[in-house]
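The values are calculated or read from the model by the stated rules, or taken from the named source; none is laboratory data. Model, not experiment: these values are computed from the prediction. A quick note on method: Cβ atoms are made from the backbone with ideal geometry, for glycine too, and the neighbour counts reach across all protein chains shown.
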Amino acid sequence: MAILERLKLRLAEAFEEHQAAILAEVIAEAYDGLVKASDFNELKEIVRDLAEAQRDLAEAQRGSEARLTRLEETVAGLAEAQRASEARLTRLEETVAGLAEAQRASEVRLTRLEETVAELAEAQRDLAEAQRASEARLTRLEETVAELAEAQRRTEESLQKLIEDHQETRRQLGGLAMAVGYGLENQAYRALPQLLARDFGIEVKGRLLRRYVKDREGRDVEVNIIGEALRNGERIVIVGEGKSQLSKNGVDDFVRKKLKRLEGVLGPIFPVLVTHMISSPDVEEYAQERGIALYYSYDF
């Protein structure tokens, strides 16, 4: 048994454990059968050859495994490269598809652009024609404006002459109106003292006059009929005015422009209006309601 164990230990240095055990048993059996020395030597030679072969095999095995590992790594690298190529190919296909779609879109846009350019060219021709027509109309309009300007100038000249004639007419009418008014008032100066005495018990002191009087603000007011008088022993001032044709507006003007401005300046005022004719039937009542005595020229 000691020999068998030693053989196993020695053989384990070159062989795997189970191989070493088998060889050790074979050697032990051969030794127990009293093998010849030459046979034993041959057996040892066989064992050495087997060990050498085992070492070569192991070395070959390690080389094969290394090559296999490198092969596997190469295959894995090729597989990864293949996947990367497929991914790149996929992206390339997508890019190509996108470019194709973009090309189709570009062709559509180009078609629309060509149509738009054609429409713009047509519109340009229409605009040019419209421009020519507009220029012709503008030329005719300028001629018309020039004619209107000349007509306007002649109209303005005629209007200016008419205005001057109207102003002269108004001046003459104004003078005539003033002459009529002054004539009416001149008659009133002589007739009013008797009429006022008869109708209102007023005694005119002195003469009735036409003169300027200061109002409450110190401004001059032209009073066409003015004079002092007594009524029931009280001093009063007669303030009057002549109107060729008296209207309600004329009554209001007399109140506003004469009576209101002279209130509190002359003392008690007795207002009088004289006229040839009233403009409406209610003017006389309108004047009387405002405390104004009214006389007609035929009363004189």
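Mind checking which residues of segment 220-233 are without any contact (Cβ under 8 Å) to a residue 24 or more places away in the chain and not in a strand (DSSP E or B)?
Gly233
Just checking, which of Leu208, Leu184 is assigned to a helix (DSSP H, G or I) and under 21 Å from Tyr298 (Cα atoms)?
Leu184
Checking the structure you have, find out if any residue of segment 184-195 is in contact (Cβ under 8 Å) with a residue 24 or more places away in the chain, within 60 Å of the chain's Cα centre (by Cα) and surrounded by 12 or more Cβ atoms within 10 Å (Cβ to Cβ).
The answer is no; no qualifying residue exists.
Do any residues in segment 274-287 that are within 17 Å of Tyr298 (Cβ to Cβ) have Cβ atoms under 8 Å from those of residues that are in a helix (DSSP H, G or I) and among the acidic types (Asp, Glu), where the two are at least six apart or on different chains, and which pairs are they?
Hits for this filter: Val274/Glu185; Ile278/Glu284.
How many residues does segment 262-295 hold that are of a type in the set (Asp, Glu) and closer than 28 Å to Arg216 by Cβ?
Qualifying residue count for the region: 2.
When only residues in segment 7-29 that are of a type in the set (Gly, Ala, Ser) and part of a helix (DSSP H, G or I) count, which is modelled with the highest pLDDT?
The residue in question is Ala21.
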